[in-house]
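Please read the structure below before turning to the comments.
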Amino acid sequence: MEFQKQDIEELLRKMLASLNEGTESILSFFAEDVSFQLPYSKRNSAVMNRQQYFNQLSKLLPMMQGFHLHDHRLWATDEAGTYWATADLECTIKPTGKIYRQNYLLRFSVNDEMKITQYYEYGNPLKIAEAMRPLWKLFLSLFWAKILAR
């Protein structure tokens, strides 16, 4: 399974651009049996399947708008069809109006149909927390109110 670097670059660029098009568009780049892992996100560190990842994106993406890719780089590995990439993405968090900028490190594997079969996404979870800071306070206060009401 040998691919031209420009083909994988195009796949990566289109996948990242699809963030502005919604969850269904993003998932079109992934195989049905894909395995997702977000190692730095504690609650999502376990392996997720396509449906679980869809559920997560369906909740998160509506709060974000205007994704811009500032830079990305791609490297092949010694493992056929497996790549490392960096991507510098930025968007606005709608409820807070804050800019969320993340420098992602991605590791992914591609099958013969150019669908991603394994996807690892590394990013700093503190950056999203900062961009959503007023929301976290709201969620925390709702959580404590529910606990104290028992």
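The values are calculated or read from the model by the stated rules, or taken from the named source; none is laboratory data. Since this is a predicted model, take the numbers as computed values, not measurements. Positions of Cβ are generated from backbone atoms using ideal geometry, with glycine treated the same way; all protein chains shown enter the neighbour counts. Calculation scope for accessible area: heavy atoms of the full protein, side chains included, ligands and nucleic acids excluded. Shrake-Rupley method; radii C 1.70, N 1.55, O 1.52, S 1.80 Å.
Does residue 80 qualify as being modelled with pLDDT under 95, hydrophobic (A, V, I, L, M, F, W, C) and closer than 23 Å to residue 36 by Cβ?
Details: modelled with pLDDT under 95: yes; hydrophobic (A, V, I, L, M, F, W, C): yes; closer than 23 Å to residue 36 by Cβ: yes.
It is true that residue 80 is modelled with pLDDT under 95, hydrophobic (A, V, I, L, M, F, W, C) and closer than 23 Å to residue 36 by Cβ.
I need the full set of residues from region 90-114 which are of a type in the set (Asp, Glu) and in a strand (DSSP E or B), in order please. Full working, then the answer.
Of all residues in region 90-114, those of a type in the set (Asp, Glu) come to 90, 112-113.
Selection gives 90 alone.
Let me confirm something: among 138, 142, 105, which residue is of a type in the set (A, V, I, L, M), over 18 Å from residue 61 (Cα atoms) and modelled with pLDDT of 90 or more? It would help to see each step written out before you state the result.
Numbers: 138 fails: modelled with pLDDT of 90 or more; 142 fails: modelled with pLDDT of 90 or more.
Of 138, 142, 105, the one residue that is of a type in the set (A, V, I, L, M), over 18 Å from residue 61 (Cα atoms) and modelled with pLDDT of 90 or more is 105.
Go through (1) part of a strand (DSSP E or B); (2) more than 19 Å from residue 124 (Cα to Cα); (3) touching a Ser or Thr at 6+ places or on another chain (Cβ under 6 Å) for residue 33 and report which single condition fails.
Only one criterion in (1) part of a strand (DSSP E or B); (2) more than 19 Å from residue 124 (Cα to Cα); (3) touching a Ser or Thr at 6+ places or on another chain (Cβ under 6 Å) is unmet by residue 33, namely (3).
How many of the residues in region 10-24 are open to solvent by less than 50 Å² (accessible area, probe 1.4 Å) and either more than 17 Å from residue 110 (Cα to Cα) or touching a Leu at 6+ places or on another chain (Cβ under 8 Å) (or both)?
Total satisfying the criteria: 7.
Kindly provide the set of residues from region 62-89 that are acidic (Asp, Glu) and either in a helix (DSSP H, G or I) or open to solvent by less than 40 Å² (accessible area, probe 1.4 Å) (or both), ordered by number.
Within region 62-89, 88 is the sole residue that qualifies.
List pairs: first residue in region 76-100 and at positive phi, second residue at pLDDT 95 or above and part of a loop (DSSP other than H, G, I, E, B) anywhere in the structure, Cβ distance under 8 angstrom, at least six positions apart or on different chains.
Final answer for the pair search is 81/111.
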